[in-house]
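Each remark here refers to the structure printed beneath this line.
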Amino acid sequence: MATIDDVARVASELPEVTEGERHGNLTWFVSGKAFAWDRPFSKADIKRFGDLTPPEGPILAVRVLDLADKEAVLSVHPKSFFTIPHFEGFSAVLITLRTVTTKALREAIIDAWLACAPRDLADHYLEARVPSSSLAPDRPPAGRTTRKRPPRRSV
């Protein structure tokens, strides 16, 4: 069983993370962008569950790269990762901290950070974790499975 303290510990290990509040909930930011936040259910959320029992315990929301990544994450971790109607069309998933594994939580937080961090900061972090010379040519850096950041659009 993971806790918000576990989330804080993992998030604080990442470069340039700040902890604050958004909408009254504990939130972790990189370069002003929220990548993970405590996400209790609102009355409207609970009502939308209808006859189903909402997941218990603390719920963490984390950003994902895009909607395709969201679907992939949800299919890989169906016991602990989920979404709600309020998140429809939004590139984020919810995590039940009572049931998530430590490894899955850590990967989700790092991937959320990578999705929100400026490209140069994310690239530097990945290079520091696994030097490119130690990777096989077809193997992505650790923490970045097959997900890649889309190219930045110029304005």
Query raised in the report: Summing Lys, Arg as +1 and Asp, Glu as -1, what charge do residues with Cβ under 12 Å from the Cβ of residue 61 carry, residue 61 excluded?
Result: +2
**Report entry** Alpha carbon convex hull of the range 4-134, volume per residue in cubic angstrom
**Finding:** 118 Å³
Query - Size of charge dipole - the range 4-134 - debye, nearest 20, with Cβ of Lys, Arg +1 and Asp, Glu -1, no other charges - result: 320 debye
Query raised in the report: For 86, 77, what's the fewest-to-most ordering of other Cβ within 10 Å of each Cβ?
Result: 86, 77
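Every number here is computed from the coordinates shown, using simple stated rules; none is lab data. Because the structure is a prediction, the values reported are computed rather than measured. In this analysis, Cβ positions are derived from the backbone assuming ideal geometry, glycine residues included, and neighbour counts consider all displayed protein chains.
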